[in-house]
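Okay, structure first, notes after.
The values are calculated or read from the model by the stated rules, or taken from the named source; none is laboratory data. Not measured: the values here are computed from a predicted model. FYI the Cβ positions are ideal-geometry reconstructions off the backbone, even for glycines, and counts take in every protein chain you see.
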Amino acid sequence: MTLDRVSLESAAVCTVPGTASRECVSLRPPSPEDAQEFVARMRASRKLHRPWISMPQSMEEYAAYLERSRKETNAFYLAHRREDDAIVGFLNISEIVRGKLQSGFLGYGAVAQFAGGGYLTEAMRFLLREAFTTLRLHRLEVNIQPGNLGSIALAERCGFQYEGFSPRYLKIGGRWRDHERWAMTREGWRAVNRLERERRDSNPRVAPGERFTVLAVVRVE
Ligand SMILES: CC(C)(COP(=O)(O)OP(=O)(O)OC[C@H]1O[C@@H](n2cnc3c(N)ncnc32)[C@H](O)[C@@H]1OP(=O)(O)O)[C@@H](O)C(=O)NCCC(=O)NCCS
């Protein structure tokens, strides 16, 4: 998988509230040119990220991050706001296993300045299309600490399904933390897309640019 060749052009409807344009964010793999902005934005987002994740806080840490992003088993993306190219967040797929699994783990975070603006919701939809089409994955898994309501809200809104509770699953900040396991399969993603299309088609008042939430969870047998 050559990330430089990833093209994320899309015709998706922008879901950021109050925005008339069709797309508000685009996804690109992190590059050396992003170093200064990314590190500055991650440093400024420390309070939002703690205690859930820790991100590069120095140029050295960013260099290591960039190195990891280039591994065959990872697919890292930065979400850029289209109007000014500002980095608004990141979404990273890691530990991709091919063969009979075709699966990866997803992690993400917003830039504090832009948090709550709907950018991550839209970026997640682009990410899901990328994962289930270009990357040909079959399953994406997100592990979320039970108290991380913002992350749970985002996963749920984008159609991930709750699969179960994993006690003492990940060591974060020096302690083994419980996590909830949320996942989406390609079939689930298609079902979510179908639902959203049907809802849009059956309600002409849902205009392009208007945001809506997946209200039904679809079980794919
Ligand atoms: C999780 C995270 C990426 C969400 O980003 P975001 O910028 O809030 O995403 P969006 O703006 O697209 O979505 C905002 C929506 O989430 C909801 N939300 C955000 N934070 C919330 C919270 N603490 N509790 C409940 N809902 C929350 C908002 O109500 C909003 O929904 P609404 O507009 O329908 O009311 C961000 O909170 C973050 O970076 N958290 C720290 C890092 C992290 O936890 N990463 C994931 C580890 S598993």
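If you go through the range 77-99 and keep only what is under 22 Å from I144 (Cα atoms) and either surrounded by fewer than 14 Cβ atoms within 10 Å (Cβ to Cβ) or within 14 Å of the ligand (Cβ to nearest atom) (or both), you end up with Y77, L78, A79, V88, G89, F90, L91, N92, I93, S94, E95, V97.
Just so you know, in the range 185-214 the residues that are modelled with pLDDT of 95 or more and in contact with a helix residue (DSSP H, G or I) (Cβ under 7 Å, 6 or more places away or on another chain) include one that is nearest to R139 (Cα to Cα), and it is R186. The one condition from (1) exposed (fewer than 14 other Cβ atoms within 10 Å of the Cβ); (2) under 16 Å from E23 (Cβ atoms) that L120 does not meet is (1).
Here's the yes/no breakdown for (1) exposed (fewer than 12 other Cβ atoms within 10 Å of the Cβ); (2) modelled with pLDDT under 95; (3) more than 15 Å from the chain's Cα centre (by Cα); (4) under 26 Å from G174 (Cα atoms):
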residue	(1), (2), (3), (4)
E9	yes, yes, yes, no
R22	no, yes, yes, no
D34	no, no, yes, no
A40	no, no, yes, yes
E60	yes, no, yes, yes
E72	yes, no, yes, no
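Listed by first and then second residue, the pairs with beta-carbon distance under 8 Å, at least 6 apart or on different chains, first residue in the range 143-156 and under 16 Å from E122 (Cβ atoms), second part of a helix (DSSP H, G or I) and near the ligand (Cβ under 6 Å from one of its atoms), are L154/L120; L154/T121.
L135 passes every criterion in (1) more than 15 Å from the ligand (Cβ to nearest atom); (2) aliphatic (A, V, I, L, M); (3) crowded, with 20+ Cβ neighbours inside 10 Å apart from (3).
When E67, E122, E83 are screened for being free of Cβ contacts under 8 Å to residues at least 24 places away in the same chain and not basic (K, R), only E67 passes.
Selection of the range 144-171 for residues being in contact with a Lys or Arg (Cβ under 6 Å, 6 or more places away or on another chain) and either within 23 Å of Q102 (Cα to Cα) or away from the ligand (no atom under 12 Å from the Cβ) (or both) yields E163, G164, S166, L170. Taking the range 27-72 as the region of interest, the helices (runs of 4 or more DSSP H) fully inside it that hold 2 or more residues being under 28 Å from Q102 (Cα atoms) and in contact with a helix residue (DSSP H, G or I) (Cβ under 9 Å, 6 or more places away or on another chain) are 59-69. Scanning the range 164-184 for residues that are surrounded by 12 or more Cβ atoms within 10 Å (Cβ to Cβ) and over 25 Å from G118 (Cβ atoms) yields S166, Y169, L170, I172, R177, D178, H179, R181.
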